1. Name the single residue, out of those in region 35-65 being out of contact with any Leu (no Cβ under 8 Å at 6 or more places or on another chain) and of a type in the set (Val, Ile, Thr), that is modelled with the highest pLDDT.
2. Among the residues of region 32-63, which ones are under 21 Å from CYS95 (Cα atoms) and either touching an Asp or Glu at 6+ places or on another chain (Cβ under 7 Å) or hydrophobic (A, V, I, L, M, F, W, C) (or both)?
3. Tell me which of these SER73 doesn't satisfy, since it passes every other one: (1) among the small types (Gly, Ala, Ser); (2) at pLDDT 90 or above; (3) farther than 22 Å from CYS95 by Cβ.
4. Among the residues of region 51-87, which ones are open to solvent by 100 Å² or more (accessible area, probe 1.4 Å) and not in a loop (DSSP other than H, G, I, E, B)?
Amino acid sequence: MLERARSMGLELERKPAEGVVVTGYYQLTPLGNTEETFEGLLQGKSGIRSFDVGNNRTSIAGPVNFNPDDYFSKKEQTTMPRIAAMCIVGAREAC
């Protein structure tokens with residue numbers, strides 16, 4: 001990669017990879033949040049079930065119970081997709 005960059009007139013330098021430290025974790029799954037998921041997995045539950053998904057080619061899904069109203073104002077929700085809200089809540093909860 002360095003040679004290709006140099007051939008394009010770019011200067012890159014080798015830097016050691018920085019370490020990553022995991023300080024917590026959070027799960028939002030069809031079984032519930034982190035504690036509920038762990039208990040459900042120990043009991044052999046799946047969370048995947050028959051589900052009416054409209055005219056899609058599948059009839060199974062793993063819906064999650066997430067309500068952005070519990071975490072964000074209506075104004076904040078107008079600028080963020082639901083999946084982004086889920087990611088932000090997950091990051092906050094994992095700390």
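The values are calculated or read from the model by the stated rules, or taken from the named source; none is laboratory data. This structure is a prediction, so every number in the text was calculated from the model and none was measured. Virtual Cβ from ideal backbone geometry, glycine too; neighbours counted across all protein chains shown. These area figures cover heavy atoms from the full protein model, side chains too; ligands, DNA and RNA do not enter into them. Shrake-Rupley method; radii C 1.70, N 1.55, O 1.52, S 1.80 Å.
1. ILE48
2. Within region 32-63, just PHE38 meets the criteria.
3. Going through the list (1) among the small types (Gly, Ala, Ser); (2) at pLDDT 90 or above; (3) farther than 22 Å from CYS95 by Cβ, SER73 breaks only (3).
4. Scanning region 51-87 gives ASP70, LYS74, LYS75, ARG82, ILE83.
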